[in-house]
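Student: Questions regarding the structure given below will be posed in turn.
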Amino acid sequence: MIKNTFLSLFLMVSLLLSACQNEAQPEKIEKKDPEIILDLRNPKIEVSTQFEEMTRAYERENPNVNIRVHTVGGAMDDLADLKAEMATGTGPDIFTNTGFENTILWQNFLEDLSGEPWVDQAYQEALTPVTLNGKVFGMPINLEGYGFIYNKDLFKKAGIAEPPDTLTKLTAAAEKLQKAGITPFATGYYEDWKLGDHLMNVAFAQQENTEEFIQNLNKGTEKITTNQNFNDLLNLLDLTLKFGNDNPLTTDYTMEVNLFTSGKAAIIQQGNWIQPMIDQAAPDMNIGFMPIPINDRPVKEALVVSVPNYWAVNKQASPEKKKEAKKFLNWMVSSEQGKRYMTEEFKFIPAFHHINSDDLGPLAEETIQNYKKGNTVPSNWFDFPVGIREEFGAATQLYVGKQLNRTQLLNEYQKSWERFSKE
């Protein structure tokens, strides 16, 4: 009996000690990193879905990060809303900058990225537009080339043996296409950047010395109104209007590409960036690049090739956000996931030595071939006075809508240059 009592007391004491020990050991609480929300402005509307998929992949690797993507593009991407957000301190943590004059204009909002790992891997000439006082303020998104993209099968159907390299030959090709029941040009002139940036650039690019011509415009010793290239450019524009789709001023980016991918139109003024849209709508489309001729001097340089935009980190953001934004940008161009999205999903031509660029599609392949051979011209609009491209585009839209005649349009171009170059 005593033995049993002693045993019972021993068990009770053991249980009490065990309970005390359990109470004395607090539960282990797993430490979580604080959530970081990054707001990102993406200008590449043609890969918006794929881009968001890429950010989700980054979030899976970094569970404490939430990237909110705001995609802009086409007529929406006029930077007016970005300027307003920056002025109130509510701008995105990651946005884009076109470089050159805009690097100077936006320098108070651009974080110094000179120490980032990808800087040594980038093509050095690609960094020039965002280098200021020896510091790098942007990461190249990609290399892009643009010209006239044409449907080879429709050309063959219309009896066009080779892509035209003069305006007279282009006119003859347009007539053959129309006779075959095919709309020659897809004209999405709702987008002012097609007119004020890409098309205007051709007249500048065809100058004997573009840099000298721009300097002389600034000095007032040259004028757009008396320069033959701008008259020639309007001859090309008239041709696209005569042989283009109806209602060009209400035809936006998506509608224009749909006209081309559906086989209704044979030629589109665009660049290799529309390859993902083509792959989705018409994956077996037989396409190629041809030059944009504005007169009867054969165009040797088939494409305009440059870095169109740079990723920038908002200097106003908190230290934590800036650190994570830099980490994300580096991940895009250094991780296997990021590189795969860039080349396989976005079909981007990398502006970095270390990223393989095989199998990007026919448009990218032609861009790379021309780039390596030196058969390219640069995007001179980066050297235009800030703000003038929008005026060029808006004035040209008035011409398309028959609200300005040719003389009036050329005068508008000249007046805009004189005003903006003095600001």
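Student: Within the stretch 38-50, track down each residue that is of a type outside the set (Val, Ile, Thr), part of a helix (DSSP H, G or I) and either over 17 Å from Gln275 (Cβ atoms) or in contact with a helix residue (DSSP H, G or I) (Cβ under 8 Å, 6 or more places away or on another chain) (or both).
Tutor: Listed by number, the residues that qualify are Glu46, Gln50.
Student: Could I ask something else about it? Given the options Lys176, Lys169, Lys223, name the one that is in contact with a helix residue (DSSP H, G or I) (Cβ under 8 Å, 6 or more places away or on another chain), modelled with pLDDT of 95 or more and surrounded by fewer than 20 Cβ atoms within 10 Å (Cβ to Cβ).
Tutor: Every option except Lys223 fails the conditions.
Student: Has the stretch 276-293 got any residue that is polar (S, T, N, Q), open to solvent by less than 20 Å² (accessible area, probe 1.4 Å) and either more than 17 Å from Asn380 (Cβ to Cβ) or within 22 Å of the chain's Cα centre (by Cα) (or both)?
Tutor: Among the residues of the stretch 276-293, not one is polar (S, T, N, Q), open to solvent by less than 20 Å² (accessible area, probe 1.4 Å) and either more than 17 Å from Asn380 (Cβ to Cβ) or within 22 Å of the chain's Cα centre (by Cα) (or both), which makes the answer no.
Student: Right, next: Considering only the stretch 127-181, state which residues are farther than 22 Å from Leu259 by Cα, of a type in the set (A, V, I, L, M) and free of Cβ contacts under 8 Å to residues at least 12 places away in the same chain.
Tutor: Ala161
Student: Separate question: Could you identify the single residue in Tyr123, Tyr189, Tyr146 that is open to solvent by 50 Å² or more (accessible area, probe 1.4 Å) and among the hydroxyl-bearing types (Ser, Thr, Tyr)?
Tutor: Answer to the check: Tyr123.
Student: Follow-up question, since we're still on this one. Would you point out which residue out of Trp331, Trp273 is of a type outside the set (Val, Ile, Thr) and either more than 30 Å from Gln178 (Cα to Cα) or assigned to a strand (DSSP E or B) (or both)?
Tutor: Among Trp331, Trp273, only Trp331 is of a type outside the set (Val, Ile, Thr) and either more than 30 Å from Gln178 (Cα to Cα) or assigned to a strand (DSSP E or B) (or both).
Student: Just to be sure, is Asp112 open to solvent by 30 Å² or more (accessible area, probe 1.4 Å), modelled with pLDDT of 95 or more, in a helix (DSSP H, G or I) and acidic (Asp, Glu)?
Tutor: So Asp112 does not fit the description; no.
Student: Restricting to the stretch 346-373, and then to whatever is open to solvent by 60 Å² or more (accessible area, probe 1.4 Å) and touching a residue at least 40 places away in the same chain (Cβ under 8 Å), can you tell me which residue is farthest from Asn309 (Cα to Cα)?
Tutor: His354
Student: Say we look at the stretch 298-326 and pick out the residues that are free of Cβ contacts under 8 Å to residues at least 40 places away in the same chain and in a helix (DSSP H, G or I); which of these is surrounded by the fewest Cβ atoms within 10 Å (Cβ to Cβ)?
Tutor: My answer is Pro319.
Student: Name the residues in the stretch 40-68 that are of a type in the set (A, V, I, L, M, F, W, C) and either on the phi > 0 side of the Ramachandran plot or open to solvent by less than 30 Å² (accessible area, probe 1.4 Å) (or both), would you?
Tutor: Scanning the stretch 40-68 gives Leu40, Val47, Phe51, Met54, Ala57, Val65, Ile67.
The values are calculated or read from the model by the stated rules, or taken from the named source; none is laboratory data. Just so we're clear, the structure is a prediction, and the values are computed from it rather than from any experiment. As a convention, Cβ positions derive from the backbone with ideal geometry for all residues, glycine included, and neighbour counts pool all protein chains shown. Ligands, DNA and RNA are excluded from the accessible area calculation, which covers all protein heavy atoms including side chains. Shrake-Rupley method; radii C 1.70, N 1.55, O 1.52, S 1.80 Å.
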